[in-house]
């Protein structure tokens, strides 16, 4: 009897895995069609009203809305649909913690995952890495603003947990839209931050920084961490959700540059979603590890031990791992420049 139950549970898990992508496609379609913004604007509405406003076919619209209810994104009472808590809080375009741009980016990458078997056969990315940031303005903007959407959650947690008392100048390496610098500056009034990234990225970062009214304390510096030296004179270097794009050799080079950019007594902070030491979990970093195979040459999810080794190879001492809440796959490692 116990074996039969285990077999049934295993079969159910496989079924959920097999159709899990369908629920994601329903979310992507709702996001692309503007369902969540519309329901926020007009309130509870029937499938006919939603279809009329969106210009979609009523029966097909009802099927999508029903699936989004089943997935826990929408709520349904009588013949009327409305946004659930997650949609209200995180799927409205333009809201402070919106994830709608990030959901659109994940939609793009979901299509890339169709090539996973071939990438596993060859070991090569499914996309050409050189066609990413800085080449296509549309992709660059979508990627950077999508990362801003995503970074809001882990960024707030990092700002609550990371002790930067007494620190004055922070260099945010590969800082993208500047989200982490913005949130750390807000949490630490005596801190000034510099977002270091490609010129095509820092242009977008300045827009985000201006919207938060922090242009006096959060600035940008153009550079390519693959080839350029980092600016000097900082007491904190933050490398947040960046190293997974790179191979180990490049990560060590970044750590060496980080060391040189710090004043004596400075610290380097790696913020990431590390794999466990056996490299078989947790699920989000394990799947992210596959995404890195698909979209970067040499990119991967590293373990805490591997990040610590990179810090030590860069000249740092005493790497210490810090976890945050159980709801956050991310954690951070702090190491010292021990002059």
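Taken together, the values in this text are just the output of simple stated rules run on the coordinates, not laboratory data. These numbers come from a predicted model, not from an experiment. Heads up, the Cβs are rebuilt from the backbone with ideal geometry, glycines too, and the neighbour counts pull from every protein chain shown.
Observations, loosely collected:
- Sorting the segments 47-58, 116-127 by their mean number of nearby beta carbons within 10 angstrom, highest to lowest, gives 47-58, 116-127.
- Take every Cα pair under 8 Å whose residues are at least 6 apart in sequence, average their separation, divide by the length of the range 184-323, and the relative contact order is 21 percent.
- Percent antiparallel among DSSP beta bridges (both partners in the chain, rounded to 5): 45
- Cβ-Cβ FRET estimate between residue 263 and residue 107, R0 fixed at 56 Å, reported to 0.05: 0.80
- Placing a label point 7 Å from the Cα of residue 339 along the Cα-to-Cβ direction, the residues of the range 257-276 whose backbone N falls under 18 Å from that point are 257-269.
- Rounded if a/c under 1.5, otherwise prolate or oblate - the range 71-166, Cα gyration tensor axes: oblate
- At R0 = 25 Å, FRET efficiency that the Cβ-Cβ distance of residue 33 and residue 116 yields, to 0.05: 0.40
- The distance linking the range 81-120 with the range 168-236 is 26 Å (Cα centroid to Cα centroid, whole angstrom).
- Structural descriptor for the range 1-109: relative contact order 25 percent, calculated from alpha carbon pairs under 8 angstrom and at least 6 residues apart.
- Compared with the dominant Cα axis of the chain, that is its longest principal axis, helix 304-313 is turned about 30°.
- Packing, as the average of other Cβ atoms within 10 Å across residues, places the peptides 67-73, 173-179 in the order 173-179, 67-73, highest first.
- Entry for the range 2-92 at q = 0.20, 0.21 Å⁻¹: log10 I(q)/I(0) = -0.86, -0.93, Debye formula applied to identical alpha-carbon scatterers, no solvent contribution.
- Full extension of the chain between residue 5 and residue 322 gives 110.2 nm of extra length, using 0.36 nm per residue less the Cα-Cα distance.
- Distance in nm between pseudo-label sites at residue 19 and residue 222 (7 Å out along the Cβ direction from Cα): 5.2
- Pairwise centroid distance, computed over Cα atoms, of the range 1-71 with the range 133-163, Å: 27
- Relative intensity, log₁₀ I(q)/I(0), of the chain from a Debye sum that treats every alpha carbon as a point, q = 0.07, 0.12 Å⁻¹: -0.34, -0.93
- Structural descriptor for the chain: relative contact order 12 percent, calculated from alpha carbon pairs under 8 angstrom and at least 6 residues apart.
- FRET efficiency, residue 12 to residue 59 (Cβ-Cβ, R0 41 Å, nearest 0.05): 0.85
- Between residue 248 and residue 277, the modelled labels are 1.6 nm apart [label points 7 Å from Cα along Cα→Cβ].
- You can think of it this way: the chain between residue 215 and residue 229 has 2.7 nm of extra reach, that is 0.36 nm per residue less the Cα-Cα gap.
- Linear extension gain, residue 41 paired with residue 139, 0.36 nm per residue minus alpha-carbon span: 32.4 nm
- With N the number of residues in the range 161-302, Rg(Cα) / (2.2 N^0.38 Å) evaluates to 1.06.
- The simple spin-label model puts a point 7 Å past each Cα toward its Cβ; for residue 79 and residue 124 those points are separated by 5.6 nm.
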